[in-house]
Amino acid sequence: MSTYSNDEWVDRILSGIYTFNSRGLTGRAQRNTECDNLLKTYFLNCDYSDEKSNATLKIFSDTLDIIVEAIECYRIGHFNASMVMIRNAIDASTYTSLCYDLQLDQETKKVHGIVPIGSIRKYKKYKDLNVRKKKIVNQKLLAQNEVDELYEIRKSCNFSAHIYEIKQDIFFKKFPKFLEEALTGKRTSGDPLSKQQTTEKENQSNLNRAINLLMKLHMNYVHKSGML
C-alpha cells in the first residue's frame, strides 16, 4: 500500500516531469523572472490607453493570446509546446497583417472596425511561404533580413510541431546502418545522433527573437494603416 498521499504523488510525478530537460526548480525560478519580463515588455509596448496600442490589440488579438501561451509554456518547461505556439503566433501575425485592414475615422483616427481585404478566403493565397514573405517586405512591415530571421525561427519550430513523425522518419532511415554497426561492433557511419528534443536554450532564443520581431511587425502595420 502506498505511503504517499494523493498530493504527494502528484508532487513526485511533476518533479520527475519538470526535472527532465528543464533544470527542475532552479530552472523554473529563473524562467519565472524571464517570463514576467517578457510579459511586461509585450504589454508595456501595447499601452492600451493609447489608440495605436488599442488598434494593435484589436487587429492582433489572436496573436496576443498565442504569445501569452508560448510564454507560459516556456515558463513551466514545456518547450515543445512553446515552440508550436511561437510558430502559430508567426502565422497569426503574418496572415492578419496581409489579409485585414483597420477601418479608421479619418478625423479622430479611432478604429471603427476590422475588415477583410477582398475575399475572406484571401489568406489561402499566402499559404505559400515565399509569397507571404515577399508581400511582408513589399508592404514594408519588416525588412528582408527580419523576415528571413522570422521564418528561420518558424522553420526551427517545425521539429516540435511534428516531433514524433520526424523522429520516426529519422529512425527508420538510419536503422539499417545502426543495426549493422551493432552486429559488427564497428561504428563506420559517423552519423551524429539525431535530435531528440527541443532544448531550453533553443526555446528561449526563439521566443525572445520572435516576440521582438512580431512587436515590430505589429507597430509597422498600425503605422501603415494611417495611425501616425
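Exceeding 31 Å between C-alpha atoms, which entries from my cross-link table qualify? They are 125/201; 52/133; 124/216; 110/133. Cα-Cα > 31 Å for 125/201; rest within. Among residues other than residue 223 whose Cβ falls under 10 Å from its Cβ, what is the net charge (Lys/Arg +1, Asp/Glu -1)? Surrounding charge for residue 223 is +3.
Summary of packing: across the peptides 128-137, 213-222, 95-104, 24-33, the per-residue average of other C-beta atoms within 10 Å ranks them, highest first, as 213-222, 95-104, 128-137, 24-33.
By the count of other C-beta atoms within 10 Å, a proxy for reagent exposure, 200, 34, 152 are ordered fewest to most as 152, 34, 200. Legend: ranking of residues 117, 66 from fewest to most surrounding C-beta atoms inside 10 Å; resulting order 117, 66.
Rule-based calculations on the coordinates, nothing more; no lab input. Given the structure is predicted, the values throughout are model-derived calculations rather than measurements. Reconstructed Cβ throughout: ideal geometry from the backbone, glycine too, with neighbour counts over all protein chains shown.
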